[in-house]
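The values are calculated or read from the model by the stated rules, or taken from the named source; none is laboratory data. This structure is a prediction, so every number in the text was calculated from the model and none was measured. Every residue, glycine as well, gets a Cβ built from its backbone with ideal geometry; the counts of neighbours run over all protein chains shown. The area values use the complete protein model at the heavy-atom level, side chains included, leaving out ligands, DNA and RNA. Shrake-Rupley method; radii C 1.70, N 1.55, O 1.52, S 1.80 Å.
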Amino acid sequence: LPVQRRSAQEQWIVMEGRDIGTVIFPDAMVKIYLTASAFERARRRIAQGEAPAGATLEEVQKEIEARDLQDSTRAVAPLKIAEDAVVIDSSHLSLEETVDAIAAVVAQKRKENC
């Protein structure tokens, strides 16, 4: 935690993780909660060759749903949306559209804070 926080003291950084905006950097200027449906994440995982060989879409989706449940109900630093985060659901967005949506949020936040 201290190392992560020191890394952001003198420069703009981009970090991702399930507790970055709620635990590590609760005062970050820009917080984005990037999400997609479990179905879409499973489809992407298989398409990118990141699923176990022979795994079905349904199996991968169930694994993702189980992980989400575990992470959102754990006692320490549970997965949750920070109150001041902008939620971007990329389920129906291309990579380029997702990047554009994130860039627009960052630009707006910088404009508001400068």
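Cβ contacts < 6 Å: first residue closer than 18 Å to S91 by Cα, restricted to region 44-55; second residue part of a loop (DSSP other than H, G, I, E, B) and open to solvent by less than 80 Å² (accessible area, probe 1.4 Å), any location; separation 6+ or different chain. Result?
R45/A51
Considering only region 1-45, state which residues are modelled with pLDDT of 80 or more and of a type in the set (S, T, N, Q).
Once the filter is applied, which keeps residues that are modelled with pLDDT of 80 or more and of a type in the set (S, T, N, Q), region 1-45 yields T22, T35, S37.
Within region 30-40, can one find any residue that is assigned to a helix (DSSP H, G or I), of a type in the set (K, R), within 14 Å of the chain's Cα centre (by Cα) and buried (at least 16 other Cβ atoms within 10 Å of the Cβ)?
No.
Counting just the residues of region 1-29 that are surrounded by fewer than 11 Cβ atoms within 10 Å (Cβ to Cβ) and in a loop (DSSP other than H, G, I, E, B), which one comes out farthest from the chain's Cα centre (by Cα)?
E10
So, in region 48-94, how many residues would count as being part of a loop (DSSP other than H, G, I, E, B), β-branched (V, I, T) and loosely packed, with under 13 Cβ neighbours inside 10 Å?
Summing the residues that are part of a loop (DSSP other than H, G, I, E, B), β-branched (V, I, T) and loosely packed, with under 13 Cβ neighbours inside 10 Å in region 48-94 gives 2.
Here are some residues: D84, D68. Which one is in contact (Cβ under 8 Å) with a residue 40 or more places away in the chain, under 17 Å from G17 (Cα atoms) and not small (G, A, S)?
Just one listed residue meets the conditions, D84.
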